[in-house]
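Coordinate-derived values only; no laboratory data. Fair warning: this is a prediction, and the values are worked out from it, not measured in the lab. So basically every Cβ, Gly included, is an ideal-geometry build from the backbone, and we count neighbours across all protein chains shown.
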Ligand SMILES: Nc1nc2c(c(=O)[nH]1)N[C@H]1C(S)=C(S)[C@@H](COP(=O)(O)OP(=O)(O)OC[C@H]3O[C@@H](n4cnc5c(N)ncnc54)[C@H](O)[C@@H]3O)O[C@H]1N2
Ligand code: MOO
């Protein structure tokens with residue numbers, strides 16, 4: 001079971017999905033979550049013939065007959081019930097958002113008319129019948145499905161849900177996770193480290209990624225004491241359906257985790273993937289069904305494993321397709337080891353609209369400062385060692401690429 005290939009490891013992770021929780025959430029808390037109901041139009045969109053410009057409303061047939069000056073019969077603000085014009089040879093002043101009066105059909109904006117006393121005169125030669133009106137049901141009909149169960153909710157979906165009166169939505173969410181750091185050298189971020197210590201940091205990047213995937217998280221730290229670790233872990237497995245460990249999975253004399261996990265009866269699905277970074281990644285399922293991701297401690301390794309595997313696990317569990325993103329290398333890379341190489345890259349869009357990847361090789365999986373100049377990982381396959389400029393490879397983002 002040693003050293004499986006990347007795609008096999010990914011498939012194993014994806015084939016052990018969690019069962020999502022179903023919750024009613026306030027609309028403002030739904031962005032990024034998966035909709036668990038169809039949303040249908042409760043009225044036509046728009047619900048009435050909506051005026052789209054401030055100006056006057058006329059009957060086009062009068063203009064067609066040659067009439068250019070119209071006596072003003074009434075002034076109608078938005079938010080008033082529909083008016084019926086008494087004399088269709090007259091006009092009404094009307095505001096954006098108002099209902100088109102019965103008997104009129106065309107709006108001319110204030111910029112194209114002049115008003116003296118109680119008469120409006122049209123100053124342009126050409127107007128189109130029914131211009132500046134957003135007609136009832138033009139966009140969607142009553143009962144039309146506006147949003148389908150299973151989509152990921154973003155900003156545009158908030159408008160739609162609000163418009164049909166949904167103050168709360170039924171959404172799918174992943175189970176809460178605990179991120180567990182291990183290692184005697186790690187101190188809390190509030191502390192000033194001694195010369196031999198470092199602050200715990202990689203777990204905060206992993207936490208932010210998990211939050212982006214809709215997973216709520218808690219943090220826990222364990223020192224390198226096998227008995228205490230075993231006891232802590234047994235309790236945490238009972239509480240959390242998703243356990244994300246970092247560190248302690250390699251060959252060191254104090255890398256107790258693989259042993260402890262085995263002693264706790266966790267079924268190991270793999271330990272060690274033919275990849276860089278993240279080689280000692282360990283994955284398994286506890287007897288109670290909790291999923292255990294034991295990520296290598298090096299911060300770039302844990303960050304990569306969360307970006308690639310945990311993201312794919314969440315998408316597979318929520319039945320959301322992971323978007324396939326291809327990027328073009330803009331710098332040659334030579335990487336002889338027969339490992340899948342996840343290389344940090346910054347992404348740009350060239351003059352042809354193609355995503356181009358500028359690799360930042362950095363100083364290995366401890367060089368987490370290098371992540372700040374990158375947008376994600378380009379995946380360079382294990383079978384090759386020379387990757388040429390212009391070649392296209394898969395890419396896993398850890399930022400929103402299109403956010404400016
Ligand atoms: N003899 C071997 N040694 C190592 C191998 C190997 O195959 N044979 N693999 C190396 C690789 S690759 C990796 S990756 C690391 C992973 O080791 P562990 O998962 O056991 O992680 P640790 O040893 O606990 O930590 C590694 C490194 O990362 C720092 N760390 C850990 N947690 C955090 C955190 N939350 N924030 C910041 N930094 C963290 C830790 O201090 C270590 O420097 O093993 C290699 N060794
Ligand atoms: O796999 Mo380790 O993550 O190369 O440093």
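Quick one: work out the % antiparallel among DSSP beta bridges in region 107-243, nearest 5.
Working: 4 of 14 bridges.
The antiparallel fraction comes to roughly 30 percent.
Rounded, prolate or oblate, given the Cα gyration tensor of region 122-190, with a/c below 1.5 counting as rounded? Kindly include the intermediate steps, with their values, before the conclusion.
Working: a/c = 5.63, a/b = 2.62, b/c = 2.15.
Note, shape of region 122-190 comes out prolate.
Averaged over all directions, how much area does the convex hull of the C-alpha atoms of region 47-125 cover when projected, in nm²?
Mean shadow area of the hull around the Cα atoms is 4.7 nm².
Note on region 325-397: Kirkwood radius taken over Cα pairs, Stokes-Einstein applied at 37 °C and 0.692 mPa s, translational D equal to 267 µm² s⁻¹.
For a test of the definition: using alpha carbon positions, the gyration tensor, and the 1.5 limit on a/c, classify region 293-335 as rounded, prolate or oblate.
Values: a/c = 4.14, a/b = 1.22, b/c = 3.39.
It is oblate, given that a/c is not under 1.5 and a/b is not larger than b/c.
Ordering 6, 60 from the fewest to the most neighbouring beta carbons within 10 Å gives 60, 6.
Binning the C-alpha pair distances of region 257-306 at 10 Å intervals from 0 yields a P(r) profile of 28, 51, 21, 0 %, listed from the shortest bin outward.
Structural size metrics of the chain, computed from C-alpha coordinates, are Rg and Dmax of 30.4, 95 Å. Relative to the longest principal axis of the Cα atoms of the chain, the long axis of helix 202-212 lies at roughly 30 degrees.
Our note on the geometry: Cα centres of region 332-369 and region 113-137, 58 Å apart.
Can you give the extra length, in nm with one decimal, that the chain gains between residue 360 and residue 187 once fully stretched, where that is 0.36 nm per residue apart less the Cα-Cα distance? The partial results should precede the final answer.
Numbers: separation 173, 0.36 × 173 = 62.28 nm, distance 2.88 nm.
Taking residue 360 through residue 187 to full extension adds about 59.4 nm, to one decimal.
So for region 226-300, Kirkwood radius off the Cα pairs, Stokes-Einstein at 10 °C and 1.306 mPa s: how many µm² s⁻¹? Value of D from the Cα-based Kirkwood radius: 129 µm²/s. Is the C-alpha gyration tensor of region 170-258 telling us rounded, prolate or oblate? Criteria: a/c under 1.5 is rounded; beyond that, a/b larger than b/c is prolate, otherwise oblate. Oblate shape, in that a/c is at least 1.5 and b/c is the bigger or equal ratio. In the distance distribution for region 88-140, Cα-Cα pairs more than 15 Å apart total 52 percent. Looking at region 50-134 alone, DSSP beta bridges between its own residues are antiparallel in about 75 percent of cases. Running Debye on region 212-359 with equal point scatterers at the Cα sites and no solvent, what base-10 log of I(q)/I(0) appears at q = 0.09, 0.15, 0.17, 0.19 Å⁻¹? For region 212-359, the Cα-only Debye profile gives -0.35, -0.86, -1.03, -1.21.
Between residue 251 and residue 226, the distance separating the two model label sites (each 7 Å from Cα on the Cα→Cβ line) works out to 1.9 nm.
Translational D (Stokes-Einstein, µm²/s) of region 1-107 at 20 °C and 1.002 mPa s when Rh comes from the Kirkwood sum over C-alpha pairs? Mind dumping the intermediate values first?
Working: Rh = 19.0 Å.
For these conditions, the coefficient is 113 µm²/s.
Of the beta bridges in the chain, as assigned by DSSP with both residues counted there, near 65 percent are antiparallel.
Once both labels are positioned 7 Å from their Cα atoms along Cα-to-Cβ, the gap between residue 60 and residue 391 label points is 6.0 nm.
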